[in-house]
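Undergrad: I have a structure I would like to understand better, so I am pasting it below and will then ask my questions one at a time.
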Amino acid sequence: MKFNGMTVREMLNLPILKDATLVSGAGGLDRIVRYIDIMEIPDIEGWLREGELILTTGYSIRHDPGLLTKLVEHLANAGAAGVALKPERFIHYIPQAMIDMGNRHNIPIIQLPDGIPYVDITYPVMELILDKQGALLRRSEEIYKTLTSLVLNNSGIQAVADNVAELLRSPIRVVNRAGDVLVASPPGSQEQEQPPASDARQWDITVDKQTAGKLIVEKQQLDALELVCIEQARLVFALELMRRKIADDTETRLRGNFFEELLMGLPLSIQDVENKGRQLGLAPEWTWEIAMIEGERSYFEEHAAFMGKINELISRESRNRQVRSHVLRQGDRLLLLLSSPRTDDREWSESIKRFVRSWSHVRTGFGTKYPLWEIQRSYVEAKKAVMIGSRLDKIQRFFRYDEVELFSLLLDSSDYVNFDSLVEKHLGKLLEYDQENGTDLMVTLYHYLAEGGSLIEAANRLYIHRNSVKYRLDRIKDIADIDLDGMQKRLTYYLCTAFHLLKNKG
């Protein structure tokens with residue numbers, strides 16, 4: 001806590017200084033005097049402190065009065081309160097350059113009457129400063145006890161905010177790192193997120209050495225007691241946010257364990273799932289879908305930028321939908337368990353797709369919507385979407401299960417149907433050519449067929465010019481002796497190329 005002292009103006013009103021004269025620096029009369037000291041050595045630059053008032057006769061610089069001008073500069077640089085001189089005995093007068101410098105920097109220069117002992121000045125000044133500090137300490141303790149008792153008695157963060165706003169005589173808000181309002185007083189100001197007013201001031205609130213939010217006060221000028229209140233309020237809000245964090249972490253851990261049970265496919269009845277879900281704040285009428293994000297493990301570390309951004313996105317979107325979603329880390333992949341009201345038509349996939357597009361080295365698979373007790377089905381689908389989609393298209397990074405469902409069925413049926421012989425029959429020559437020459441004509445053929453025979457779209461998929469696609473297709477026709485005219489023929493080649501790419505993990 002940084003104690004205020006008394007202003008230079010207040011000091012000059014002391015009886016002992018009734019005959020003192022303000023020579024310069026009237027613009028600095030509201031500077032705070034926190035210390036008072038005597039200067040009788042010429043080099044004091046390294047000894048000055050903020051809020052210090054210097055008393056001097058000028059004895060140490062009597063042979064070079066020009067040093068008085070430099071003294072004022074040193075005082076200004078240190079944020080000192082001012083200087084009081086007894087010039088009669090050693091320097092006889094205050095140089096005009098010093099007076100001008102005092103006015104320029106608003107450093108009060110006071111001429112003291114000769115004959116006043118320093119102790120008669122220092123004693124009453126320090127006595128008043130210490131009295132103020134003592135009163136401030138006592139009031140600070142009272143404020144801290146009042147606010148902490150609200151937290152300990154579980155009165156809630158709103159009660160703390162209301163007390164702080166009353167003490168400060170100003171509206172206040174506490175926001176989290178994303179800028180969302182956690183509490184405001186008066187309460188009506190939290191109905192929507194607002195930028196701070198132009199005269200607002202902000203202070204960080206720290207929890208576990210991490211900035212958890214900010215205290216915003218809609219008031220620019222604060223006196224000493226109000227600044228003390230701010231410091232105590234920050235501590236108390238930090239306690240409340242810590243308590244919330246512990247509760248949230250515990251609930252998140254319990255929800256995570258519950259979701260792990262569901263994803264493992266443990267035999268739980270619908271009634272058991274609904275009851276446990278309700279206990280964890282999960283409404284039975286919500287639908288659920290899973291997004292699986294794979295990428296570098298460093299992306300998914302607790303304090304990584306990716307995790308911070310994705311958590312903010314999930315929190316914001318869930319709040320808009322008035323649901324609870326969950327983020328589950330599994331090594332080098334992330335599971336997003338995303339809920340929606342049954343009647344909500346908004347698509348989570350669009351928000352997630354926009355987000356992951358800005359992050360390289362990640363790929364995402366999206367399952368379809370199911371009730372909570374069938375969430376494992378969405379998990380399996382998201383897993384298949386990533387696996388199948390990335391084999392068919394090594395450039396694309398976002399895959400929906402409904403877009404690859406046909407290929408999933410194709411893979412499943414390959415356990416009972418010999419598709420390898422079909423591929424060999426229709427595209428064996430092309431496969432042999434690719435293997436011998438290190439080409440990827442099978443990939444070109446797949447994308448051409450997947451894009452409905454469009455040279456332009458295939459070129460976009462392959463990141464090559466459409467003329468290059470046309471040249472490759474001519475080579476394919478010559479090598480494999482295939483005919484791409486007719487829908488049935490194209491479907492056959494399409495399924496064959498897709499099956500080959502799915503079976504060939506490389």
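Undergrad: More than 20 angstrom separation, counting every C-alpha pair in segment 152-247; what % is that?
TA: That fraction is 29 percent.
Undergrad: Quick check: the angle from helix 487-503's long axis to the longest principal axis of the chain, C-alpha only, nearest 10 degrees?
TA: Taking the Cα atoms of the chain, the angle to 487-503 is about 60 degrees.
Undergrad: Let me ask another. Expressed as a whole percent, how much of the Cα-Cα distance distribution for the chain exceeds 28 Å?
TA: For the chain, the fraction of Cα-Cα distances above 28 Å is 70 percent.
Undergrad: When only C-alpha pairs under 8 Å and at least 6 residues apart count, what is the relative contact order of the chain, in percent?
TA: Relative contact order of the chain: 8 percent.
Undergrad: Which angle from 0 to 90°, rounded to the nearest 10, does the C-alpha axis of helix 466-480 make with the longest principal axis of the chain?
TA: Between helix and principal axis, roughly 30 degrees.
Undergrad: Count neighbours as other Cβ atoms within 10 Å of each site's Cβ, and list the trypsin sites (Lys or Arg not before Pro) in segment 410-506 that are DSSP loop with at most 14 such neighbours.
TA: Lys505
Undergrad: Relative contact order (percent) for segment 264-411, with alpha-carbon contacts under 8 angstrom and 6 or more residues of separation?
TA: 28
Undergrad: With +1 on each Lys and Arg Cβ and -1 on each Asp and Glu Cβ, how big is the dipole of segment 414-503 about its Cα centre, in debye rounded to the nearest 20?
TA: 280
Undergrad: Another question, if that's okay. Using amide H atoms built 1.01 Å from N in the peptide plane, name the residues 5+ places from Met6, or on other chains, whose amide H lies under 5 Å from its own.
TA: Here the answer is Val33, since their amide H atoms fall under 5 Å of that of Met6.
Undergrad: Right, something else. Give me the percent relative contact order of segment 6-116, please, defined on Cα pairs under 8 angstrom at least 6 residues apart.
TA: Contact order relative to length: 35 percent.
Undergrad: Here's another thing I want to ask about it. Points 7 angstrom from Cα along the Cβ direction at Asp37 and Asn311: gap in nanometres?
TA: 4.6
Undergrad: Residue-wise, which Karplus ³J(HN,Hα) couplings in Hz belong to segment 410-424, taking 6.51 cos²θ - 1.76 cosθ + 1.60, θ = phi - 60°, and x for glycine or proline?
TA: Going residue by residue, I get 4, 5, 4, 6, 5, 6, 10, 10, 7, 6, 4, 5, 5, 5, 4 Hz, with x marking Gly and Pro.
Undergrad: Rounded, prolate or oblate: which one fits segment 66-131, using the alpha carbon gyration tensor with axes a ≥ b ≥ c (rounded when a/c is under 1.5, else prolate when a/b beats b/c, else oblate)?
TA: Since a/c reaches 1.5 but b/c is at least a/b, the shape of segment 66-131 is classed as oblate.
Undergrad: What is the extension gain from Asn153 to Arg244, computed as 0.36 nm multiplied by their sequence separation minus the C-alpha to C-alpha distance, in nm to one decimal?
TA: The span from Asn153 to Arg244 would gain 31.3 nm if fully extended.
Undergrad: Using DSSP to call loops (not H, G, I, E or B), can you name the chymotrypsin sites (Phe, Trp or Tyr not before Pro) in segment 456-506 whose Cβ has at most 11 other Cβ atoms within 10 angstrom?
TA: Tyr463
Undergrad: Using amide H atoms built 1.01 Å from N in the peptide plane, name the residues 5+ places from Ala81, or on other chains, whose amide H lies under 5 Å from its own.
TA: Gly51, Glu52, Leu53
Undergrad: So what J values fall out for segment 336-347 if you push phi through Karplus, 6.51 cos²θ - 1.76 cosθ + 1.60 with θ = phi - 60°, rounded to Hz, Gly and Pro as x?
TA: 9, 9, 10, 10, 8, x, 4, 9, 8, 8, 5, 9
Undergrad: Here is a further query. Can you tell me what share of the DSSP beta bridges in the chain is antiparallel? A percent to the nearest 5 is fine.
TA: So the antiparallel bridges amount to about 75 percent of the total.
Undergrad: If you don't mind, another one. Write down the radius of gyration of segment 264-411 and its Dmax, each obtained from C-alpha positions, in Å.
TA: For segment 264-411, the Cα-based Rg and Dmax read 15.1, 43 Å.
Undergrad: Would you pull out the residues with amide H under 5 Å of Leu182's amide H, same chain only if 5 or more places away, H placed 1.01 Å from N?
TA: Correct list: Val174, Val175, Asn176.
Undergrad: Let me ask you something else. With charges set only on the Cβ (+1 for Lys and Arg, -1 for Asp and Glu), what does the dipole of the chain come to about its Cα centre, in debye to the nearest 20?
TA: Around 540 debye, computed over the chain.
Undergrad: Taking θ as phi - 60°, what are the ³J(HN,Hα) couplings along segment 154-160 by the Karplus curve (6.51, -1.76, 1.60), each to the nearest whole Hz, with x for Gly and Pro?
TA: 6, 6, x, 5, 5, 5, 5
Undergrad: Let me ask you something else. Quick one: if you stick a label point 7 Å off each Cα along the C-beta vector at Glu231 and Arg475, how many nm between them?
TA: So the two model labels end up 7.5 nm from each other.
Undergrad: Hand me the chymotrypsin sites (Phe, Trp or Tyr not before Pro) from segment 44-125 located in a DSSP loop with no more than 15 other Cβ atoms within 10 Å, in residue order please.
TA: Loop-located and lightly packed - Tyr93.
Undergrad: Return one number: the angle in degrees, 0 to 90 and rounded to the nearest 10, between the long axis of the Cα atoms of helix 270-279 and the longest principal axis of the Cα atoms of the chain.
TA: Rounded to the nearest ten degrees, it is 10.
Undergrad: Something else: Set the Förster radius R0 to 45 Å, insert the Cβ-Cβ distance between Thr146 and Arg49 as r into 1/(1 + (r/R0)^6), and round the FRET efficiency to 0.05.
TA: Result of the calculation: an efficiency of 0.85.
Computed from the coordinates by the stated procedures, all read-outs in this text should not be read as laboratory data. These figures come from a predicted structure and were not determined experimentally. Glycine gets a Cβ as well: all are built from the backbone with ideal geometry, and neighbour counts include every protein chain shown.
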